[in-house]
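Okay, structure first, notes after.
The values are calculated or read from the model by the stated rules, or taken from the named source; none is laboratory data. This structure is a prediction, so every number in the text was calculated from the model and none was measured. Positions of Cβ are generated from backbone atoms using ideal geometry, with glycine treated the same way; all protein chains shown enter the neighbour counts.
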Amino acid sequence: MICDVAGRMGLLEILSWARPHDSSVERAFCREYLDRIPGMTADAFGNRMITIGANPRVLWSCHVDTVAARGGHQDVYIDEHGIARLLNGKSGMSLGADDGAGIWIMLNMIEAARPGLYVFHRGEEQGCLGSDWIRRNTPELLEDLGAAIAFDREGFGDVITHQMARRTCSDAFATSLAAALNRLDRGFRYAPDDTGVFTDTNEYAGIIPECTNLSVGYHGQHGPRETLDVAHCEKLLAALLRFDATSLVIERDPSVEEDDCWGWRGHRDDQAAFADAIAEYPTVAARMLAQCGMNIDDFQMAVWAEESGDDHYYRPLAVS
């Protein structure tokens, strides 16, 4: 029996699972929602994938893990404004629209038999573990693909061109994707955006020409106040069910790393250059620090150590 994830009830059902990476809840979720789909396979790391259609040119990407201190059931609801939220959210919890929204979109696209290679990655919140495993161990899976599109971006209108301060898709591709979506829903305002942090498609940028991340309508991810604009998510799905991937412009050469990363790639090890870049893009810097596991207490302790001239308690930043 395949789980019914259609409509808002299906979306709420997915969001009701708090599923930290490599937890029993995450494994149960994959068995319940993914493994029952005819044709779904799993690699040695546990990434799930299915191909719809012959010789697909687009990889659709999401991830199955969420940020949560503990796995299990959580109560969620949609308020009078159409916003999904946690009921009685507490520290250590998150709604999990990052990336439950992406899972819901992709499952419904599969149900509608929309062409593509669909990959449900494991361990994205721990540093893109599943996609890194694919890149290192089964790169042939990615051959002959023109684009990798993730449903794992906050907000309503971003088509990401850069991740981790490097270009991962061309402006021409991002513009063509944004234009195609905007034509399908006149209320959309999708546009290229170069302030991406990272998601699984970043791992494929050296193999697949165009790798991006698409806004799906959530905000405040990784915490108890995370929200999801359900109407936007529904409209995006409706557009994708009519989307024609042949309209996409494939232009970038993945073997060439372009030197256009906000003008400071050549001075990556220069603290002054970093400071200038952070001053120009403070929100991006804050988001990257949060993605890497640094909280405000860590940052304030580092500031205190810097100002006091004592770096004894400074803990080097590392992706968790």
Exercise. Is there a residue in the range 67-76 that is crowded, with 21+ Cβ neighbours inside 10 Å, in contact (Cβ under 8 Å) with a residue 40 or more places away in the chain, under 18 Å from C233 (Cβ atoms) and among the small types (G, A, S)?
Worked result: no
For this session: Could you identify the single residue in E140, E111 that is without any contact (Cβ under 8 Å) to a residue 12 or more places away in the chain and surrounded by fewer than 22 Cβ atoms within 10 Å (Cβ to Cβ)?
Result: E140
Exercise. Can you name the residue in the range 199-208 that is in a loop (DSSP other than H, G, I, E, B) and not hydroxyl-bearing (S, T, Y) and, of all such residues, is surrounded by the most Cβ atoms within 10 Å (Cβ to Cβ)?
Worked result: I208
Problem set entry | Criterion: acidic (D, E), outside any loop (DSSP other than H, G, I, E, B), at pLDDT below 95 and surrounded by 11 or more Cβ atoms within 10 Å (Cβ to Cβ) - qualifying residue of D276, D297, D260 | D276
For this session: Quick one: L95 ticks every box in (1) surrounded by 22 or more Cβ atoms within 10 Å (Cβ to Cβ); (2) more than 22 Å from D22 (Cβ to Cβ) except a single one, so which number is it?
Result: (2)
Seminar exercise, completed: Within the range 152-172, restricting to residues that are part of a strand (DSSP E or B) and out of contact with any Lys or Arg (no Cβ under 8 Å at 6 or more places or on another chain), the one that is farthest from D194 (Cα to Cα) is D152
Problem set entry | Sole residue being assigned to a strand (DSSP E or B), of a type outside the set (D, E, K, R), modelled with pLDDT of 95 or more and over 23 Å from W133 (Cβ atoms), chosen from L237, L228, L181 | L228
For this session: For the range 285-293, state whether one or more residues are under 19 Å from T161 (Cα atoms), at pLDDT below 65 and in a loop (DSSP other than H, G, I, E, B).
Result: no
For this session: Working carefully through the options L228, L237, find the one that is over 30 Å from I278 (Cβ atoms), under 18 Å from the mean Cα position of the chain (by Cα) and surrounded by 19 or more Cβ atoms within 10 Å (Cβ to Cβ).
Result: L237
Problem set entry | Subset of the range 45-92 (residues that are small (G, A, S) and more than 11 Å from A18 (Cβ to Cβ)) | G46, G53, A54, S61, G82, A84, S91
Problem set entry | Where C211 falls short, out of the listed (1) crowded, with 24+ Cβ neighbours inside 10 Å; (2) out of contact with any strand residue (DSSP E or B) (no Cβ under 8 Å at 6 or more places or on another chain) | (2)
Exercise. Before we move on, is R242 at negative phi, basic (K, R), assigned to a loop (DSSP other than H, G, I, E, B) and at pLDDT 65 or above?
Worked result: yes
For this session: Test G196 against the criterion of being assigned by TED's automatic domain parsing to the domain that holds L241, surrounded by fewer than 24 Cβ atoms within 10 Å (Cβ to Cβ) and assigned to a loop (DSSP other than H, G, I, E, B), and give yes or no.
Result: no
Seminar exercise, completed: Going through (1) hydrophobic (A, V, I, L, M, F, W, C); (2) closer than 21 Å to R287 by Cα; (3) out of contact with any Leu (no Cβ under 6 Å at 6 or more places or on another chain) one by one, V159 fails only at (3)
